[in-house]
1. Which FRET efficiency value, to the nearest 0.05, do you get for Y334 and Y174 by plugging their Cβ-Cβ distance into 1/(1 + (r/R0)^6) with R0 = 22 Å?
2. Where does each of C54, C48 land when they are ranked from fewest to most other beta-carbon atoms within 10 angstrom?
3. Per 0.36 nm of contour for each residue apart, how much would the distance between N279 and D152 grow if the chain were fully extended, relative to their Cα-Cα spacing?
4. Calculate the spin-label point distance for K167 paired with Y105, positioning each point 7 Å from the Cα along the beta-carbon direction, and give it in nanometres.
5. The stretch 27-125: which chymotrypsin sites (Phe, Trp or Tyr not before Pro) are DSSP loop and have at most 14 other beta-carbon atoms within 10 angstrom?
6. At most 16 other Cβ atoms within 10 Å and a DSSP loop assignment: could you name the trypsin sites (Lys or Arg not before Pro) in the stretch 1-52 that fit?
7. How far apart, in nanometres, would the label points at K256 and A137 be if each is projected 7 angstrom from Cα along the Cα-to-Cβ direction?
8. Give a quick list of GluC sites (Glu not before Pro) in the stretch 48-122 that DSSP marks as loop, anything other than H, G, I, E or B, with at most 16 other Cβ atoms within 10 Å.
Amino acid sequence: MPIQIIREDITKLRCDAIVNAANNSLLGGGGVDGAIHRAAGKGLLLECMKLKGCKTGQAKITGAYKLPCKYVIHTVGPVWRGGTNGEKELLESCYRESLQLAKEYECESVAFPLISSGVYGYPKDQALRVAIDVISAFLLENDMLVYVVIFDKAAYKISEKLFADIKEYIDDHYVETHTDAHFERMRGEQCSQILEAEEVCFETTFLDEPVTQQVEPVKELSLAMPKQVAKFSLEDKLGEIDESFSEMLLRKIDEKGMTDSECYKKANVDRKLFSKIRNNVHYSPSKTTAIAFAIALELNLEETKDMLMKAGFALSHSNKFDLIIEYFIQSGNYNIFEINEALFMFDQSLLGM
Ligand code: APR
């Protein structure tokens with residue numbers, strides 16, 4: 001998944017470059033800036049001193065010193081002043097300039113904090129949307145793995161109503177399934193008890209008066225129907241093999257009038273993985289990848305279940321992640337950003353953006 005939203009301390013990431021939300025002096029500060037300088041050690045500060053500062057919306061690159069990554073890209077986000085002073089454009093520029101530098105230095109992976117969303121006061125949910133929009137646009141033309149590192153939940157603010165609706169959906173279905181499962185187990189036990197009881201008092205059930213002596217349990221019920229003799233060849237069975245996941249995916253892309261790249265970009269699946277799926281009719285993807293394609297194709301619930309089944313998966317009602325996906329499909333909401341907001345709020349792993 002080219003974009004991944006993760007909850008992590010950015011100073012721990014082993015990607016090629018991490019981005020620092022710095023200030024114009026580039027001489028360190030609090031927040032993520034302070035964390036990066038502390039983890040990198042003095043060498044970083046000494047190199048930064050040679051850069052002679054950085055303008056807001058611009059980016060500069062240094063080594064990483066004691067950090068596990070290769071480079072640190074320092075960018076200076078705008079201070080939030082109500083949103084009418086070009087803050088959005090400056091913040092977009094931070095991401096664009098940093099991605100450009102990462103590309104120039106042939107980074108295959110880069111991690112961003114939510115620039116300006118701490119000390120500089122940019123509303124976190126808006127800061128996240130800017131980040132995702134600019135990164136997604138960049139990834140339409142470039143191959144890179146981009147992490148958006150969320151340090152606290154405030155970045156996601158799904159509406160109270162949406163949260164309540166999803167919670168209700170999970171409670172209803174989650175309980176239902178557990179009851180079902182419990183019921184199945186009980187039914188199984190009851191059935192075997194009834195069967196035993198029937199075996200012992202098989203005669204009783206059909207006699208007027210109760211039978212006093214113990215009757216021999218019925219050994220086996222001889223059914224009138226002759227045993228069905230299986231009459232099919234292996235070729236017949238192989239001929240019944242259903243359309244594969246890959247075949248269904250390509251069929252659906254055509255039916256939706258999408259191009260391959262539109263679909264895998266929207267599903268946030270990288271080009272290499274997509275070509276593996278396209279070139280191997282029996283390729284079986286991960287469940288998350290299969291779901292991401294179903295969302296990108298905006299399949300209804302039945303089609304989604306069908307596509308998942310072809311990959312060997314099912315939407316399970318005893319799995320919150322699946323129930324949240326089902327909730328959004330049932331509501332016809334395929335906005336992967338909102339789906340991730342909900343998944344994040346329910347502490348579930350996220351679909352690639
Ligand atoms: N890993 C990942 N994210 C982090 C970390 C960390 N270790 N520490 C903080 N963050 C997150 C914050 O939760 C926030 O969402 O980074 C985001 C950016 O917050 P700040 O670091 O406060 O950066 P910013 O809002 O851009 O303000 C920049 O703060 O630290 C000073 O010198 C810096 O003056 C500059 C100003």
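1. 0.45
2. C54, C48
3. So the chain would gain 41.7 nm between N279 and D152.
4. So the label points at Y105 and K167 sit 4.3 nm apart.
5. Counting only loop positions with at most 14 other Cβ atoms within 10 Å, the chymotrypsin sites (Phe, Trp or Tyr not before Pro) in the stretch 27-125 are Y105.
6. Here the sparse-neighbourhood loop sites are R14, K52.
7. With each label point 7 Å from Cα toward Cβ, the separation is 2.3 nm.
8. The qualifying sites are E106, E108.
None of the figures in this text is laboratory data; all of them are computed from the coordinates on show. Just so you know, these numbers come straight off a predicted model, no measurement behind them. All Cβ positions, glycine included, derive from the backbone under ideal geometry; neighbour counts span all protein chains shown.
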